[in-house]
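**Q** Please read through the structure below; I'll follow up with questions.
The values are calculated or read from the model by the stated rules, or taken from the named source; none is laboratory data. Bear in mind that the values here come from a model prediction, so they are computed numbers and not experimental data. Backbone-built Cβ (ideal geometry, glycine too); neighbour counts: all protein chains shown.
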Amino acid sequence: MLEIQNLCFERDNKKILDNINLKLDTDKFVVITGPNGSGKSTLAKIIMGIEKQDSGKVILEGKDITKLSIDKRAELGMGFAFQQPVKFKGITVYDLIKISAKKNITKKEACDILSMVGLCAREYVDREVNGSLSGGELKRIEIATIIARNSKLTIFDEPEAGIDLWSFNSLISVFEKMRESTKGLTIIISHQERILNIADQIILMSNGKIEKMGSRDEILPSVMKDTICCRLERKE
Amino acid sequence: MENVDKELLKEIADMEETPQGAYNIRKNGQGIERKVTDNVNIVTKEGVSGIDIYVKENTKFEFVHIPVIITESGLTDVVYNDFHIGENANVVIIAGCGIHNDHEKDSRHDGIHRFFLEKNSKVKYIEKHYGEGKGTGKRILNPVTEVYLKEGSSLEMESVQIKGVDSTIRVTKGELEKDTNFVVTEKIMTHGNQYAETEFDVNLNGENSSTHLTSRSVATEKSKQKFISKVYGNTKCFAHVECDAIIKDEGKVQAIPEITANDIDANLIHEAAIGKIAGEQLIKLMTLGLSEKEAEEAIINGFLK
């Protein structure tokens, strides 16, 4: 469904992405993991068109979308959940869900979506998407906008970033539910073991390259082992 | 009434039919229609142009409409309207001024509105300013609002100026006694070479008085705006002043805060933020399928909603 060909991205003489090649099938839950600075978020942003690659191609369902703008990619059925959800002044949760849904959905339908991400809908639907909401609340609203879009390819950039443990636990259950119900390809950038645990496929990135890629059972044990080694080394 | 009058009234006061409650419609410097009710009396002033509006004490909930329309080019209309709100009364007052100028001479309306609220009364005051017409004559509005709040009373003011006013200097003053609350929310959008200036001057004189002044504005093209807020905390009181502005093109906005605490228990806050639309906001809405232009519109519409 999604193909990345020879993708390169360099900034300040540093290769952020170094010739990435990737083919991902539909109806899969793919988690991209790796240390900070390994290029995961840049890759996600290039797929969505938020960053522009220096060279290489992005192909969606056989169509070259490399030169398409963000909104044109969204129209083709791509969605993107930000690591730091964006805040607005005056735009309410309902407004944002309406924009996401591409149609005039009722408040009741918007409330149903908010309930899916564990928010008490009536309390939130008319609130502004501004700084008065906590990190966890903003994150869930961000995910609600993604659910409302019903995209065939959805990218989540570090959904666990900036939220507390309580919010994280319920976020995991939202992802577990999404995994069961969502059709299409879902790509999640994450460091979290519990998110890695629900992946069909794991991609391990390091220094702008794909180091390993395979099913969860193939990759997870070695990823966890590396993590433990790191912890031990740090202790010594 | 002509069609242009009806359109202006719809724009500034959402009036399509005869309004509910008391009303006074002023056109080109003259009162043209008036209705009073058992609780609301409207009397023409003597000596100066304008009206006195008397709301009886204990009036439960009523609407008062006092729109002004100007369709004559070259007219300068100055009007003094005083609102006397009786104890425990609760009313919604809808004012506003619409100017249609198709000619070369400037049309100007200066509305001086004074509100005298007796104990425990409550007013919601909605004011909308609008200009239209193809002429080169300027559409100028200089409203002055003075608010005098007696113990336990509150006034909430909403003012909106979104389109077509070439120049405006708005002055809002407040004198607050004990346990009073004065809330102002203003929304301004300027285009072309328009100029808008807003000045607040609020004195918190009574214990536990409070004020919230919020200005949200968008300055586009070559327009300019100035926001001045002077708040004096003279006793145990609370004030929150917020100026948020979006600038586009060559738009310029200046925010001048002046908060003065004259008492140890005065708690005064001022916040001002001016900047262009954040790139991340545009990107977020584009990931939801809006084009850059649509995203910009959605952000501005939300901001000024």
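**Q** Could you please give the count of residues in the range A:91-101 that are more than 18 Å from residue A:122 (Cα to Cα), in contact with a helix residue (DSSP H, G or I) (Cβ under 6 Å, 6 or more places away or on another chain) and within 8 Å of chain B (Cβ to nearest Cβ)? Steps first, please.
**A** From the range A:91-101, those more than 18 Å from residue A:122 (Cα to Cα) are A:99-101; that's our starting set.
This time we only want the ones that are in contact with a helix residue (DSSP H, G or I) (Cβ under 6 Å, 6 or more places away or on another chain), so: A:100-101.
From the residues that got through so far, the ones that are within 8 Å of chain B (Cβ to nearest Cβ) too are A:100.
Residues that pass the stated criteria total 1.
**Q** Within the range A:58-80, work out how many residues are under 23 Å from residue A:188 (Cβ atoms), in a strand (DSSP E or B) and more than 9 Å from every other protein chain (Cβ to nearest Cβ).
**A** 3
**Q** State which residue is nearest to the other protein chains (Cβ to nearest Cβ) when the search covers only the range B:257-274 and only residues that are surrounded by fewer than 13 Cβ atoms within 10 Å (Cβ to Cβ) and at pLDDT below 95.
**A** Within the range B:257-274, the match that is nearest to the other protein chains (Cβ to nearest Cβ) is B:273.
**Q** Does at least one position in the range B:234-244 carry a residue that is under 26 Å from residue B:212 (Cβ atoms), touching a Lys or Arg at 6+ places or on another chain (Cβ under 7 Å) and either at the interface with chain A (Cβ under 8 Å from one of its Cβ atoms) or among the aliphatic types (A, V, I, L, M) (or both)?
**A** Narrowing the range B:234-244 to residues under 26 Å from residue B:212 (Cβ atoms): B:234-244.
Subsequent filtering for residues that are touching a Lys or Arg at 6+ places or on another chain (Cβ under 7 Å) retains B:244.
Checking which are either at the interface with chain A (Cβ under 8 Å from one of its Cβ atoms) or among the aliphatic types (A, V, I, L, M) (or both) leaves us with B:244.
Yes, the range B:234-244 contains at least one residue that is under 26 Å from residue B:212 (Cβ atoms), touching a Lys or Arg at 6+ places or on another chain (Cβ under 7 Å) and either at the interface with chain A (Cβ under 8 Å from one of its Cβ atoms) or among the aliphatic types (A, V, I, L, M) (or both).
**Q** A further question follows. Do we find a residue being within 14 Å of another protein chain (Cβ to nearest Cβ), farther than 20 Å from residue A:180 by Cβ and in contact (Cβ under 8 Å) with a residue 60 or more places away in the chain anywhere in the range A:107-127?
**A** no
**Q** Taking the range A:181-190 only, how many residues are touching an Asp or Glu at 6+ places or on another chain (Cβ under 9 Å) and modelled with pLDDT under 85?
**A** The number of residues fulfilling the criteria is 2.
**Q** Same structure again: Which residues, counting only those in the range B:6-28, are outside any strand (DSSP E or B) and in contact with a Ser or Thr (Cβ under 7 Å, 6 or more places away or on another chain)? Talk me through it step by step, then tell me what you get.
**A** Our first condition is that a residue be outside any strand (DSSP E or B); within the range B:6-28, this holds for B:6-21, B:28.
Of everything in the range B:6-28, those that are outside any strand (DSSP E or B) and in contact with a Ser or Thr (Cβ under 7 Å, 6 or more places away or on another chain) turn out to be B:21, B:28.
**Q** Surrounded by fewer than 17 Cβ atoms within 10 Å (Cβ to Cβ), out of contact with any Asp or Glu (no Cβ under 7 Å at 6 or more places or on another chain) and not in a loop (DSSP other than H, G, I, E, B): which single residue out of B:41, B:81 fits that description?
**A** Testing whether each residue is surrounded by fewer than 17 Cβ atoms within 10 Å (Cβ to Cβ), out of contact with any Asp or Glu (no Cβ under 7 Å at 6 or more places or on another chain) and not in a loop (DSSP other than H, G, I, E, B) leaves just B:41.
**Q** Can I ask one more? Can you give me the number of residues within the range A:81-114 that are in a helix (DSSP H, G or I) and among the β-branched types (Val, Ile, Thr)?
**A** Filtering the range A:81-114 for residues in a helix (DSSP H, G or I) gives A:93-101, A:107-114.
Those left that are additionally among the β-branched types (Val, Ile, Thr): A:93, A:97, A:99, A:113.
Matching residues across the range A:81-114 total 4.
**Q** Still on this model: Restricting to the range B:283-293, what's the tally of residues that are touching an Asp or Glu at 6+ places or on another chain (Cβ under 8 Å), surrounded by fewer than 21 Cβ atoms within 10 Å (Cβ to Cβ) and either more than 7 Å from chain A (Cβ to nearest Cβ) or assigned to a helix (DSSP H, G or I) (or both)?
**A** 1
**Q** Quick one: which of B:160, B:165 is among the aliphatic types (A, V, I, L, M) and under 30 Å from residue B:87 (Cα atoms)? It would help to see each step written out before you state the result.
**A** On the way: B:165 fails: under 30 Å from residue B:87 (Cα atoms).
Just a single option satisfies the conditions, and that option is B:160.
**Q** Here's something else I'd like to know. Out of the residues in the range A:147-183 that are away from every other protein chain (no Cβ under 14 Å) and among the polar types (S, T, N, Q), which is surrounded by the fewest Cβ atoms within 10 Å (Cβ to Cβ)? Full working, then the answer.
**A** Taking the range A:147-183 and keeping what is away from every other protein chain (no Cβ under 14 Å), we get A:158-183.
Then drop every residue that is not among the polar types (S, T, N, Q), which leaves A:167, A:169-170, A:173, A:181-182.
Numbers: A:167: 18, A:169: 11, A:170: 15, A:173: 11, A:181: 9, A:182: 18.
Restricting to residues being away from every other protein chain (no Cβ under 14 Å) and among the polar types (S, T, N, Q), the top hit is A:181.
**Q** Right, here's the next one. Name the single residue, out of those in the range A:21-42 being touching a Gly at 6+ places or on another chain (Cβ under 9 Å) and part of a helix (DSSP H, G or I), that is modelled with the lowest pLDDT.
**A** Looking at residues that are touching a Gly at 6+ places or on another chain (Cβ under 9 Å) and part of a helix (DSSP H, G or I), I get A:40.
**Q** Does the range B:203-222 contain any residue that is of a type in the set (Lys, Arg), within 14 Å of chain A (Cβ to nearest Cβ) and within 30 Å of residue A:103 (Cβ to Cβ)?
**A** Going through the range B:203-222, the residues of a type in the set (Lys, Arg) turn out to be B:216, B:222.
Those left that are additionally within 14 Å of chain A (Cβ to nearest Cβ): B:216.
Of the ones still in play, those that are also within 30 Å of residue A:103 (Cβ to Cβ) are B:216.
Yes, that holds for at least one residue.
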